[in-house]
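Chemist: Can you keep this structure in mind? I'll have questions shortly.
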Amino acid sequence: MCGTRFSVRKCAANRERERKRSRSGARAMNLIVILIVVLVAVAAGGIAYGLLFSSIETQKKVEGRVNRVVTAENDRGKAKAARERVQDAAKRRKSMQDSIKEMEKRSEQKNRSLSIREKLAQTGLPLTMKHFYIGSTGLGIVTFAIAFLLSGSLPIAAGLAFAASMGLPRWVVAYLISRRKKKFLEEFPNSLDVMVRSIRSGLPLNDAMRMIASDGQEPVRSEFLRVVEAQQMGFSIPEACSRMTQTMPLQELSFFAIVIAIQSQAGGNLSEALGNLARVLRERKKMKAKVAALSMEAKASAAIIGALPFIVALLVYITSPH
């Protein structure tokens, strides 16, 4: 019994020790229970993983195979699309080359077998076969009369008259055609720039051509006027543009007709294509000028060397005629 004060304190200390022991024992039991639960969970997980390992590995392999198949199909689709793009580009390039070769053959055949009537149409002047024959005959008669009066020889006068009536009119026609071609090449890039700006502003190609046919400079104006008239007669734009080479047989105009034909078949940015064509034509003109300037020195040297024998002979004749 805890009757005295000392015994009361001793009893309280004993109770406190028992209480602490009970608490530490409860904590130890809780830790043991937690460790047991953890070990049971780990054991159960290990058993489940051991039992399900084969199915998990199989599922992973299946997913890997599916991913590889999907990736291969995507790669195959991309490769197929790339091959189709390459084939389309090759077909377009081949069609372009075929059309260029065909137009070149046509232009060569036309240039080889051009009649006087077609050449007169290329001059841009209102000349007919009647005018040509009358001019040739009149030139022959005048040449015959002048040559006969000066030489008094009938064969010489007839030969000069034949050469004048058959050769000089054709040379004049060729000169007029060449002069008209030069004027066309000087103005054609500017007309293409006008078409590019018109198309970029929203106008269709027909209206751009009509604008050039009404406000352009000669001889580009008359050629595009023929294109507009051909469209009114029922021809399509590529056909009307290809007909321009009949009255203006130029490679630059053939390039323009090819660009219009390709754009009508395959589509694309027409303003960019025409802008590139205008730039190419200007660079082509600059290159021709450079070539002419570089070759002028050689031509002058050749002319001087070729004329030296005649100059020396003339000087020797003048100084010592005997």
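The values are calculated or read from the model by the stated rules, or taken from the named source; none is laboratory data. Just so it is clear, the model here is predicted, and its values are computed rather than measured. Methodologically, a virtual Cβ is constructed for each residue, glycine included, from the backbone with ideal geometry; neighbour enumeration extends over all protein chains shown. For accessibility, only protein heavy atoms count, side chains too; no ligands or nucleic acids. Shrake-Rupley method; radii C 1.70, N 1.55, O 1.52, S 1.80 Å.
Chemist: Skip the ligands, DNA and RNA, and give the accessible area per residue of the stretch 174-224 with a 1.4 Å probe, whole Å². Could the numbers behind the result be given before it?
Modeler: Values: 2580 Å² over 51 residues.
Accessible area per residue: 51 Å².
Chemist: When the chain is fully extended, how far beyond the present Cα-Cα distance does I134 get from Q246, taking 0.36 nm per residue of separation?
Modeler: Separation in residues times 0.36 nm, less the Cα-Cα distance, equals 37.8 nm.
Chemist: Contour minus end-to-end for V38 and L314, with contour as 0.36 nm per residue of separation and end-to-end as the Cα-Cα distance? Working shown, then result.
Modeler: Working: separation 276, 0.36 × 276 = 99.36 nm, distance 12.80 nm.
In short, 86.6 nm is gained.
Chemist: Now for a different question. Is the C-alpha gyration tensor of the stretch 237-277 telling us rounded, prolate or oblate? Criteria: a/c under 1.5 is rounded; beyond that, a/b larger than b/c is prolate, otherwise oblate. Intermediate results must be reported in sequence, preceding the final value.
Modeler: On the way: a/c = 3.08, a/b = 1.56, b/c = 1.97.
Oblate, since a/c reaches 1.5 and b/c is not below a/b.
Chemist: Another question, then. Which whole-Hz couplings ³J(HN,Hα) result when phi for each residue of the stretch 214-223 is put into the Karplus expression 6.51 cos²θ - 1.76 cosθ + 1.60, θ = phi - 60°, listed in order with x for Gly and Pro?
Modeler: Coupling constants for the stretch 214-223: 9, 10, x, 9, 6, x, 5, 4, 5, 5 Hz.
Chemist: Starting at the first residue of the stretch 128-140, write each ³J(HN,Hα) from the Karplus equation 6.51 cos²θ - 1.76 cosθ + 1.60 with θ = phi - 60°, in whole Hz, x for Gly and Pro.
Modeler: 10, 5, 5, 4, 5, 5, 5, x, 5, 5, x, 5, x
Chemist: Something else now. Which whole-Hz couplings ³J(HN,Hα) result when phi for each residue of the stretch 296-304 is put into the Karplus expression 6.51 cos²θ - 1.76 cosθ + 1.60, θ = phi - 60°, listed in order with x for Gly and Pro?
Modeler: For the stretch 296-304, the Karplus-derived couplings read 5, 5, 5, 5, 5, 5, 5, 5, 5 Hz, x marking Gly and Pro.
Chemist: Can you give the accessible area of M287, probe radius 1.4 Å, in Å² rounded to 10?
Modeler: About 110 Å², rounded to the nearest 10.
Chemist: Over the stretch 256-322, with the other protein chains present, what is the accessible area per residue in square angstrom, probe 1.4 angstrom? Intermediate results must be reported in sequence, preceding the final value.
Modeler: Numbers: 4900 Å² over 67 residues.
Heavy-atom accessible area per residue stands at 73 Å².
Chemist: Using amide H atoms built 1.01 Å from N in the peptide plane, name the residues 5+ places from R243, or on other chains, whose amide H lies under 5 Å from its own.
Modeler: Sorted by chain and number, the residues that satisfy this come to none at all.
Chemist: Counting only protein heavy atoms and a 1.4 Å probe, tell me what percentage of the stretch 252-322's accessible area is made up of carbon and sulfur. Working shown, then result.
Modeler: Working: 3500 of 5000 Å².
Percent of accessible area from carbon and sulfur atoms in the stretch 252-322: 70.
Chemist: Taking the Cβ of K290 as the centre, find all other residues whose Cβ is under 15 Å away and add up their charges (Lys, Arg: +1; Asp, Glu: -1). Show your work: numbers first, answer last.
Modeler: On the way: positive: R282, R284, K285, K286, K288, K299; negative: E283, E297.
Computed value for this residue: +4.
Chemist: Can you list the equivalent-ellipsoid semi-axes of the stretch 206-300, largest first and in whole Å, using the square root of 5 times each Cα gyration tensor eigenvalue?
Modeler: Semi-axes (√(5λ), whole Å): 29, 16, 12.
Chemist: Restricting to lysines 8 or more places apart or on different chains, can you count the pairs in the stretch 109-192 with Cα atoms under 22 Å from each other? Let's see the in-between values first.
Modeler: Numbers: K110/K119; K110/K181; K110/K182; K110/K183; K119/K130; K119/K181; K119/K182; K119/K183.
Total qualifying Lys-Lys pairs in the stretch 109-192 comes to 8.
Chemist: Stretched out fully, how many nm does the piece from R221 to S201 gain, at 0.36 nm a residue minus the Cα gap? Each step should come with its number before you reach the end.
Modeler: Numbers: separation 20, 0.36 × 20 = 7.20 nm, distance 2.12 nm.
Full-extension gain reported as 5.1 nm.
Chemist: Within the accessible area of the stretch 139-203, what % is carbon and sulfur when the probe is 1.4 Å and the other protein chains stay in place? If you can, show how the numbers build up before the last one.
Modeler: Working: 2770 of 3950 Å².
Of the solvent-accessible surface of the stretch 139-203, carbon and sulfur hold 70 percent.
Chemist: How many nm is it between the label spots at S151 and E239, if each spot is 7 Å from the Cα in line with the beta carbon?
Modeler: According to this spin-label approximation, the distance is 5.4 nm.
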